[in-house]
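The values are calculated or read from the model by the stated rules, or taken from the named source; none is laboratory data. All of these numbers come straight from a predicted model, not from anything done at the bench. Ideal geometry is used to build each Cβ from the backbone, glycine not excepted, and the neighbour counts take in all protein chains shown.
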Amino acid sequence: MADLLFTDMLTNLNIGYDKGGRVLIQNQEFNLKKQAITLAKFNRAKQLLSEGKTKAETMRIITQEFKLMRSPYAGTTKWLRAAADAVQKEGIEINSGVPEKIGEGSDVRGTKKRRALDRKRSNVKLQQAISGKKTGLHLSHAGFKNSLVGGHNLMYVNGRMNSKMRIPFEDKLFASMTKFSKVYNNPKAPDKVKRLAAVEYAKKDRALRKKFPEYAKFKTRLSFKNSAFSPGFIVKEKLIDPSMAISNEPGMLLKGESPKSPKGKEIIKKAQEALKKSLKVTGKVIKPLGVVTGAMAVNTALKAGEKNPFDLVGSYVTGDAETATTNRRIRQEPEFRKKYMSELPQIQPEGFELMEEEDFTSYFNGGIVAVKGVK
């Protein structure tokens with residue numbers, strides 16, 4: 001097994017061992033495109049390491065070249081470890097690099113930035129008191145990053161999903177919110193331009209939540225209602241499912257409170273009740289999962305005939321064997337996908353009749369006709 005090449009590991013063979021030490025081979029479906037990309041990264045890593053690059057430098061270069069979405073907290077990838085092993089077997093020593101202090105480091109700077117933001121919008125000690133440590137759940141601020149933190153926009157979310165949604169979902173959602181807010185809060189922007197910005201935001205928000213339905217309820221959205229006052233509509237931030245919040249009682253903001261203040265103690269009590277409720281929930285989103293639970297779900301899905309590794313990953317993460325079947329049917333059956341999407345939570349802001357593009361651009365519906373490029 002020591003002489004097994006990394007390229008052999010990219011085939012559709014699953015290699016394992018039984019108690020007797022014999023090698024067992026099982027055929028699995030594999031994705032040719034993904035295999036080719038992984039092999040390309042492996043070969044590029046070998047080249048860079050052979051040229052004297054460190055593993056860290058190699059990872060940064062390949063992340064940029066292949067446009068990878070990679071968490072800064074992720075460990076060394078399998079293909080990079082395999083490339084390093086292959087280079088060493090060829091008699092080339094891997095450059096370990098010379099440790100050099102270059103300021104605080106990104107982790108420290110990021111922590112300081114988050115703490116400064118928390119002090120501005122919340123109370124750090126009170127937030128720590130209700131963090132839900134060692135439960136498998138994360139205390140998540142579901143609101144816009146600059147919104148004041150309170151019971152109405154705090155919820156307990158599965159830790160893995162909370163971490164995974166940041167780059168593909170949360171960051172893009174916040175970017176759309178920020179872009180709209182800059183236009184909406186600009187006193188020089190015409191009312192019609194602000195309405196056009198609202199349409200653009202709503203379309204991007206809706207598209208993101210449809211693309212990532214598993215994260216759709218974890219973040220607030222902007223709700224629009226027509227108004228007689230300029231700019232012709234008002235904006236509110238709200239959760240799709242308010243029942244997921246710690247508390248919807250008014251006046252439950254953390255800013256200005258502490259764990260020992262009367263209101264702070266009330267917030268802690270509400271948070272403890274919400275945490276207990278979340279831990280008891282048997283749903284797919286916030287139930288704490290373990291390796292054993294995920295493995296059992298994958299095993300059940302395999303027995304049911306599901307083979308696609310991407311579908312099986314869904315079962316592993318949610319702990320539900322049916323997730324693999326649902327993912328496959330969404331991908332393969334248009335009618336099922338249409339029905340599934342129609343049953344997702346309604347995220348179009350209620351009361352904002354001009355949300356659809358044709359209404360915004362329609363003269364008879366009072367739409368935008370004075371903006372260049374809009375007819």
Quiz item: Which one of these does Lys133 not meet: (1) in a helix (DSSP H, G or I); (2) free of Cβ contacts under 8 Å to residues at least 12 places away in the same chain?
Solution: (1)
Quiz item: Met161 fails exactly one of the following numbered conditions: (1) modelled with pLDDT under 90; (2) outside any helix (DSSP H, G or I). What is the number of that condition?
Solution: (2)
Quiz item: Applying the selection to segment 64-80, what residues are surrounded by fewer than 15 Cβ atoms within 10 Å (Cβ to Cβ) and assigned to a helix (DSSP H, G or I)?
Solution: Gln64, Glu65, Lys78
Quiz item: Which residues, counting only those in segment 129-186, are farther than 23 Å from Ser247 by Cα, touching a Leu at 6+ places or on another chain (Cβ under 7 Å) and surrounded by fewer than 19 Cβ atoms within 10 Å (Cβ to Cβ)?
Solution: Lys172
Exercise. Determine, yes or no, whether Leu148 is under 30 Å from Gln272 (Cα atoms) and either over 21 Å from the mean Cα position of the chain (by Cα) or β-branched (Val, Ile, Thr) (or both).
Key: yes
Quiz item: Hey, any hits in segment 206-220 for a residue that's of a type in the set (Ser, Thr, Tyr), under 30 Å from Glu266 (Cα atoms) and crowded, with 16+ Cβ neighbours inside 10 Å?
Solution: yes
Quiz item: Among the listed residues Lys182, Lys194, which satisfies the condition of being modelled with pLDDT of 90 or more and within 24 Å of Asn153 (Cα to Cα)?
Solution: Lys182
Exercise. Identify the residue in segment 33-58 that is over 15 Å from Ala86 (Cα atoms) and surrounded by fewer than 14 Cβ atoms within 10 Å (Cβ to Cβ) and, among all such residues, is modelled with the highest pLDDT.
Key: Ala56
Quiz item: For segment 300-311, does any single residue satisfy the condition of being at pLDDT 70 or above and either of a type in the set (Asp, Glu) or closer than 25 Å to Ile240 by Cα (or both)?
Solution: yes
Exercise. Filter segment 111-123 down to residues that are surrounded by 13 or more Cβ atoms within 10 Å (Cβ to Cβ) and assigned to a helix (DSSP H, G or I) and give me whichever is modelled with the highest pLDDT.
Key: Arg121
Quiz item: Is one or more of the residues making up segment 172-181 without any contact (Cβ under 8 Å) to a residue 60 or more places away in the chain, in contact with a Pro (Cβ under 9 Å, 6 or more places away or on another chain) and in a helix (DSSP H, G or I)?
Solution: no
